[in-house]
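Engineer: Got a structure for you, written out below as structure tokens; questions coming shortly.
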Amino acid sequence: MVDHVTSRWGVWVLISLRRNDLRFYELRESIRGISEKMLAQTLRALVEDGLVRREAEPATPPRVTYGLTGFGRDIGEPLTELFDRITRRLAPPGAG
């Protein structure tokens, strides 16, 4: 589980889902550089670990939404704080 959470893409998925549930294509668009295959593998691992929930609505094509579980929020919160600190540190002077 630690490997999934701390993997490059696992971190980005948890950060991307911190505010809203997202559909697969929305996640893919929010994470630059991730392939569909890698996103699918990462989501599968995070769902199996109980960090992300997958909700499928019966439709054609199926509408699948991903969101954080309570455990995922607990794990994702410190990652989000770390991400926010890093982005503030990297921001140009006077940019916020």
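The values are calculated or read from the model by the stated rules, or taken from the named source; none is laboratory data. What you see is a predicted model, and the numbers here were worked out from it, not measured in a lab. Every residue, glycine as well, gets a Cβ built from its backbone with ideal geometry; the counts of neighbours run over all protein chains shown. Just the protein is used for accessible areas: all its heavy atoms, side chains included, with ligands, DNA and RNA removed. Shrake-Rupley method; radii C 1.70, N 1.55, O 1.52, S 1.80 Å.
Engineer: Relative to the longest principal axis of the chain, what angle (0 to 90°, nearest 10) does the C-alpha long axis of helix 70-90 take?
Structural biologist: Relative to the chain, helix 70-90 is tipped by roughly 40 degrees.
Engineer: Each label point is 7 Å from the Cα along the Cα-to-Cβ direction; what then is the distance between the points at S35 and T65, in nm?
Structural biologist: Here the modelled spin labels are 3.0 nm apart.
Engineer: Against the longest alpha carbon principal axis of the chain, how many degrees, from 0 to 90 and to the nearest 10, is the axis of helix 36-48 turned?
Structural biologist: With both axes taken from Cα atoms, the answer is about 80 degrees.
Engineer: Could you order L14, L22 by accessible surface area, starting with the largest, using a probe radius of 1.4 Å?
Structural biologist: The ordering from most to least exposed comes out as L22, L14.
Engineer: Give the long-range amide H neighbours of L68: residues separated by 5 or more places, or on another chain, with amide H under 5 Å away, using H modelled in the peptide plane at 1.01 Å from N.
Structural biologist: R53
Engineer: A further question on this structure: When the label point is put 7 Å from the Cα of E26 along its Cα-to-beta-carbon vector, which residues of region 53-96 have a backbone N closer than 14 Å?
Structural biologist: Counting only backbone N, you get 53-57, 63-68.
Engineer: Can I ask one more? Go ahead and estimate [θ] at 222 nm for the chain from helices alone: -39,500 (n - 2.57) per DSSP H run with n ≥ 4, summed, over the residue count, rounded to 500.
Structural biologist: Value at 222 nm, helices only, nearest 500: -17500 deg cm²/dmol.
Engineer: Where Lys and Arg each count +1 and Asp and Glu each count -1, what net charge lies around E57 among other residues with Cβ under 14 Å from its Cβ?
Structural biologist: Within the 14 Å Cβ shell, the charges total +2.
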